[in-house]
1. For N309 and S92 in the same chain, what is the full-extension length gain: residue separation times 0.36 nm, less their Cα-Cα distance, in nm?
2. Return the label of the correct value of semi-axes √(5λ) of the Cα gyration tensor in Å, as calculated from the structure shown, out of [x] 32, 27, 18; [y] 40, 24, 19; [z] 33, 25, 21.
3. So if I take the centroid of the Cα atoms in segment 22-57 and the same for segment 164-240, what is the distance between those two points in Å?
4. Contour minus end-to-end for K56 and A159, with contour as 0.36 nm per residue of separation and end-to-end as the Cα-Cα distance?
5. For a Förster distance of 56 Å, can you work out the FRET efficiency between the beta-carbons of S41 and A69, rounded to the nearest 0.05?
6. Arrange D295, D123, D251 by Cβ neighbour counts within 10 Å, fewest through most, would you?
7. Check segment 33-262 and count each lysine pair with an alpha-carbon distance under 24 angstrom, considering only pairs eight or more places apart or from different chains.
8. Compute the distance from the alpha-carbon center of segment 78-99 to that of segment 308-365, in whole Å.
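What follows draws every value from the coordinates through simple rules; no lab data is involved. Please read all numbers here as calculations on a predicted model, not as lab measurements. Cβ: placed from backbone, ideal geometry, glycine included. Neighbour counts: every protein chain shown.
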Amino acid sequence: MASIQQHKFTPHTEEGKNVIQINNLRSKIANNRQNIIDASSRVINSGWVILGPEVKNFEASFASYLHAAHCISVANGTDAIELALRALGIVSGKVVATVANAGMYTTTALLAIGATPLYMDVDLASGNTTLAEIKRVLDLGADAVVVTHLYGLAAAEIAQIAQECEQRGIPLLEDCAQAHGAKVNGKNVGTFGDAGSHSFYPTKNLGALGDGGAVTTNRADIAEHILALRQYGWRSKYQVELSGARNSRMDEIQAAFLSVFLPDLDTANSRRREIAARYDVEIRHDQVIATHQIDAGYVAHLYVIRCSNRDALREHLHLHSIGSDIHYPVPDYRQAIFGDRFSSIFLKNTEQMSREILTLPCYPELTNDEVGRVIAAVNSWQP
């Protein structure tokens, strides 16, 4: 969800080499150019640009892909989190458990509602929260839980977490923005809890060519609630009955683009896993640690390593014309917006990861030669 400007999509050269970017939308668009043009023409010729047949078609297709009963599209992934939480009964003053290592997105949604975040620590090996942390925050009185499937890696204990929340009568939202297609025991993330939030920001595994988001759920009451919340709180046209609503509608053209990319999602995820597997096998450096396991629960949205001398490695990669990024450098509770509000919080693993993580290029359009260049550059680093 970061700003497009941060990804530096425009190719350039350093030291006579083409830069390997952290992501490259130009290649994705080029590979799908004719289908994208056809989708654009279809929308333009229809004269229907918002909440029309393209949106309905994509919502049905994505729900079917996930084996979810309902998919309600919205304007972006952060709206998906906020509106899902509102539909789950979260209002101002409620306390919601969330992680602090996922870029402030859930926290932003909570601030918009007026709810209070209760931060959970994560497993150092994966970056995801654990059943033990869920039990801790539920014992502290959390009114809802948000589990983020970070970096494209499904939270391994999501089934047990969902069961724990259900037994205690606490709603569970899965943030699946980085995990489209990830599965645990054959079941898609986003279908374990009461609802799943999704982002279709362009660099996601399933990305539009602009912003977009969705909420998936198997509960008809939640789906109906979000349908109203995304359009002013209408129960019927111009009849506002729900508070906390907004204008959060997906454009027809973005839905059409998503319908172009959805059929290839599993193939693209397989290519991501191939790249990640090659990194796992061929990167051999005693200061570099991977943060995932490669199986159906990992769709390699990001390939994130840990390194105690992260900044030096990043500079080395830059000198070899290889882009990198940090997802994410500041825990939510350390953000300047809070001042000293959360100064008493210290989550050991979250803090360590913020100091050590580094993201390497990992997207379907990377060539085998480019993957080899990344591997060689990491292995040649001499701290």
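1. Extending this stretch completely gives an extra 74.0 nm.
2. [x]
3. The distance from the Cα centre of segment 22-57 to that of segment 164-240 comes to 22 Å.
4. Contour length minus Cα-Cα distance gives 34.1 nm.
5. For S41 and A69, the calculated efficiency is 0.95.
6. D295, D123, D251
7. 8
8. 26
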